[in-house]
Amino acid sequence: QVQLVESGGGLVQAGGSLRLSCAASGRTFRTYAMGWFRQAPGKEREFVAASRRSTYYADSVKGRFTISRDNAKDTVYLQMNSLKPEDTAVYYCAASTAQMWPASSSRSYDYWGQGTQVTVSS
């Protein structure tokens, strides 16, 4: 069983930055693909970024967001720069034990955090 706890969400003006963190329990963190997803009101959950031995991004965030991980701390991060109002959503951290890559489908993920709200004002 893996538990994921996100932090770092908040309110920021357009053009600003936020860094989300996701702390994971479990002794095999380094073997998981870790992903970030987001869900805006009235919309489906969508893929943002994923990390295993490499990284993969949704086109909508490429060049603005960076996913990174610290395996010694069992933590994955999402650095979000040049934020736009359309980035407003609840952001979820997820862990996948599957070996497929890139892991951009929510169906690939076995464990989910509770989510953290990101609001970007115009």
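The values are calculated or read from the model by the stated rules, or taken from the named source; none is laboratory data. If you're wondering where the values come from, they're calculated on a predicted model, not measured in any experiment. Here the Cβ positions follow ideal geometry from the backbone for every residue, glycine too, while neighbour counts run over all protein chains shown. Ligands, DNA and RNA are excluded from the accessible area calculation, which covers all protein heavy atoms including side chains. Shrake-Rupley method; radii C 1.70, N 1.55, O 1.52, S 1.80 Å.
Annotations for the structure displayed:
- Checked against the criterion of being among the small types (Gly, Ala, Ser), in contact with a Lys or Arg (Cβ under 6 Å, 6 or more places away or on another chain) and either touching a residue at least 40 places away in the same chain (Cβ under 8 Å) or within 21 Å of residue 28 (Cβ to Cβ) (or both), the candidates 95, 89, 50, 40 yield just one match: 89.
- Failed condition for residue 67, given (1) in a loop (DSSP other than H, G, I, E, B); (2) farther than 25 Å from residue 122 by Cβ; (3) touching a Leu at 6+ places or on another chain (Cβ under 8 Å): (1)
- One residue from 103, 98, 72 being closer than 17 Å to residue 58 by Cα and either open to solvent by less than 20 Å² (accessible area, probe 1.4 Å) or not in a strand (DSSP E or B) (or both): 103
- Here the range 1-51 is the region considered, the condition is being outside any loop (DSSP other than H, G, I, E, B), open to solvent by 20 Å² or more (accessible area, probe 1.4 Å) and among the polar types (S, T, N, Q), and the residue that is farthest from residue 74 (Cα to Cα) is 13.
- Matching residues in the range 84-94 - criterion: being buried (at least 22 other Cβ atoms within 10 Å of the Cβ) and either under 14 Å from residue 21 (Cβ atoms) or touching a Gly at 6+ places or on another chain (Cβ under 6 Å) (or both): 91, 92, 93, 94
- Comparison of 72, 103, 58, 98 shows that the only residue that is under 13 Å from the mean Cα position of the chain (by Cα) and within 21 Å of residue 3 (Cβ to Cβ) is 103.
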